[in-house]
Amino acid sequence: MKRIYLDVDGVLNPDSRSRPTDWDDYRKHQVHLAFAGKHNIWLSRSMAETIASVAQKHRAEICWLTTWSGEANYWISPIFDWPELRVIRYDERTTDSGLIISHGKIHGIKEDCGLDAVVWIDDGLGSDAREWAEERTEPTLLVTPNSSRGLLKNHLDVIDEFFEAW
């Protein structure tokens, strides 16, 4: 089995106040998240189609690994015309100031991925993720987009080539 673990903010939704330009069809959507209230997001259907195409070509399962949790299925999957995806649960860790950090994601992915080939796409991957990926004997690719630009076409080309090798 092959898996793609997917974050939302900084990956599918670039951290940009103005319209991102790396995909021609970015559109602004307003969502109301339980954890963040009203939130404007930028999404590209052609990006979504390309992700789905790479996943289908390589028979890879796409899973949500995001602070959005199940809200990604509620808000994003319908915009992308995706089915409901499996959500990987994890314990969020917070700093003393209340900032949510992604260290909890590493526990979720470790529990879920087993011996599968893994692509983990997240703009906030840190040294813990890199150490985990280096220690795995199974094929593992970490993709860390620049949060202001999000996932780019060349990232998806790298993912396609990675899966081709396995």
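The values are calculated or read from the model by the stated rules, or taken from the named source; none is laboratory data. From a predicted model like this one, the values you see are computed outputs, not experimental measurements. Cβ sites come from the backbone with ideal geometry, for glycine too, and all protein chains shown count toward neighbours.
The residue that is surrounded by the fewest Cβ atoms within 10 Å (Cβ to Cβ), counting only those in segment 104-124 that are modelled with pLDDT of 95 or more and within 17 Å of Gly150 (Cα to Cα), is Asp123. Could you list, in sequence order, all residues of segment 10-24 that are at pLDDT 95 or above, within 19 Å of Lys105 (Cβ to Cβ) and of a type outside the set (A, V, I, L, M, F, W, C)? Scanning segment 10-24 gives Gly10, Asn13. Listed by first and then second residue, the pairs with beta-carbon distance under 8 Å, at least 6 apart or on different chains, first residue in segment 65-82 and without any contact (Cβ under 8 Å) to a residue 40 or more places away in the chain, second of a type in the set (Lys, Arg), are Ser69/Arg89; Phe80/Arg45; Asp81/Arg45.
Residues checked against (1) touching a strand residue (DSSP E or B) at 6+ places or on another chain (Cβ under 7 Å); (2) at pLDDT 95 or above:
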| position | (1), (2) |
| --- | --- |
| Asp91 | no, no |
| Asp96 | no, no |
| Arg130 | yes, yes |
| Glu134 | no, yes |
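Inside segment 25-73, can you point out the residues that are modelled with pLDDT under 95, hydrophobic (A, V, I, L, M, F, W, C), in a loop (DSSP other than H, G, I, E, B) and surrounded by 14 or more Cβ atoms within 10 Å (Cβ to Cβ)? Answer for segment 25-73, where residues must be modelled with pLDDT under 95, hydrophobic (A, V, I, L, M, F, W, C), in a loop (DSSP other than H, G, I, E, B) and surrounded by 14 or more Cβ atoms within 10 Å (Cβ to Cβ): just Trp68.
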